[in-house]
1. Out of Pro133, Pro103, I need the residue that is in contact with a strand residue (DSSP E or B) (Cβ under 6 Å, 6 or more places away or on another chain) and over 24 Å from Ser39 (Cβ atoms). Which one?
2. Being modelled with pLDDT under 80, closer than 21 Å to Glu111 by Cα and aliphatic (A, V, I, L, M): is that true of Val32 here?
3. Among the candidates Leu38, Leu106, which residue alone is of a type in the set (A, V, I, L, M) and modelled with pLDDT under 95?
4. How many residues are touching a residue at least 40 places away in the same chain (Cβ under 8 Å) and among the hydroxyl-bearing types (Ser, Thr, Tyr) when one looks only at the stretch 106-130?
5. Could you go through the stretch 82-89 and let me know if any residue there is modelled with pLDDT under 90 and exposed (fewer than 14 other Cβ atoms within 10 Å of the Cβ).
Amino acid sequence: MSLSSILCCNQITKKEARVDRNVKFDSLGVGVRISYDLSLRYSDIDIKEVIIDQYYTKKHFDMSDWIILELVKTLHNKTYEVKAMNGKFKYFATEPLFHNHKPYRLIFLLEKNCYYIGVINAFRISEKKYGIPN
């Protein structure tokens with residue numbers, strides 16, 4: 001089964017994934033988290049949801065939830081090395097992931113016995129690092 005057939009019921013349009021750039025943050029810098037239904041398989045886990053922390057909106061104005069969801073879709077049927085563990089959470093930092101031929105880093109977590117991917121941050125990385133001409 002292809003990724004597109006799995007995700008066909010969960011298509012997110014750019015309009016649906018727009019974020020108000022005036023996101024409010026508390027004194028600890030924690031903002032809102034937005035949840036999207038999205039089915040994919042990551043590391044032998046059937047993921048049903050993606051939760052995107054809006055922290056990225058503070059510094060990465062060229063990013064959007066829509067781009068992040070497109071990057072998350074590229075994780076389908078893959079497994080990446082765990083970068084850190086803290087209690088019931090496993091943290092990952094993956095790069096390069098591509099969207100429109102541009103490389104990105106995606107920082108996300110998995111919670112033990114849960115079926116969601118939590119996106120902590122995402123941003124563009126240098127093409128030069130991977131020998132990609134501008």
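The values are calculated or read from the model by the stated rules, or taken from the named source; none is laboratory data. These figures come from a predicted structure and were not determined experimentally. All Cβ positions, glycine included, derive from the backbone under ideal geometry; neighbour counts span all protein chains shown.
1. Unique residue meeting the criteria: Pro103.
2. yes
3. Leu38
4. Residues that pass the stated criteria total 2.
5. For the stretch 82-89, residues modelled with pLDDT under 90 and exposed (fewer than 14 other Cβ atoms within 10 Å of the Cβ): absent.
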